[in-house]
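Note sheet for the following structure.
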């Protein structure tokens, strides 16, 4: 199918909600079309280019976004909320068909969520997710509520990818993987890395709080 595409500096996953502020004329036109025709648009991470004002080359795997809420401003701008639905892979870009980017896309389903390997990977990753949220709350000083983790490996893989506070290209790596076992395996790798960093941050906080500013830089207080 031919799908309107919205290149952004962030990654949308199936099941994820995302607020968007729409102000560029080309994307106002795109959203109006999607509302009128009741069709989704595709959110794709920018590989090269800019989010505003110019062309952008996207990664080939993205997620279809269904518009769930619209708030219109008197000057024409919109605030919308979208829900990620299904993954797709771009087959061909159509940069000149409309004022905004479109592309021929093909459905790219998340597979192998009910395999034994997926269940094993899910068991491995669950305690790391709980530890990650706990350490993240300690490091930021913000209480982070955590609902019971899903039993379904597919939902757990997507939740892990959404929750990880990692660079967008790393999130894109997870999104582009073919199946749930691979997504959980890479998510487990990123969780291990982030847990190590968070533990260092939490353990370093008391030491940093004891430091005072001196004429040559930071000094430890007595």
What number goes with the only condition from (1) loosely packed, with under 15 Cβ neighbours inside 10 Å; (2) assigned by TED's automatic domain parsing to the domain that holds residue 19; (3) in contact (Cβ under 8 Å) with a residue 12 or more places away in the chain that residue 83 does not pass?
-> (1)
Under the condition of being part of a strand (DSSP E or B) and under 13 Å from residue 93 (Cβ atoms), which residue from the stretch 49-73 is nearest to the chain's Cα centre (by Cα)?
-> 62
Residue list for the stretch 21-39, restricted to those being outside any helix (DSSP H, G or I) and surrounded by 20 or more Cβ atoms within 10 Å (Cβ to Cβ) | 22
Among the residues of the stretch 95-103, is there at least one that is touching a strand residue (DSSP E or B) at 6+ places or on another chain (Cβ under 7 Å), part of a strand (DSSP E or B) and loosely packed, with under 15 Cβ neighbours inside 10 Å?
-> no
Taking the options 122, 137, name whichever one is in the same structural domain as residue 187 (by TED's automatic domain parsing), surrounded by 19 or more Cβ atoms within 10 Å (Cβ to Cβ), over 29 Å from residue 47 (Cβ atoms) and within 20 Å of the chain's Cα centre (by Cα).
-> 122
Would you mention how many residues in the stretch 1-20 are crowded, with 21+ Cβ neighbours inside 10 Å and in a loop (DSSP other than H, G, I, E, B)?
-> 3
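The values are calculated or read from the model by the stated rules, or taken from the named source; none is laboratory data. Note that the structure is predicted; figures quoted are calculated from it, not measured. Glycine gets a Cβ as well: all are built from the backbone with ideal geometry, and neighbour counts include every protein chain shown.
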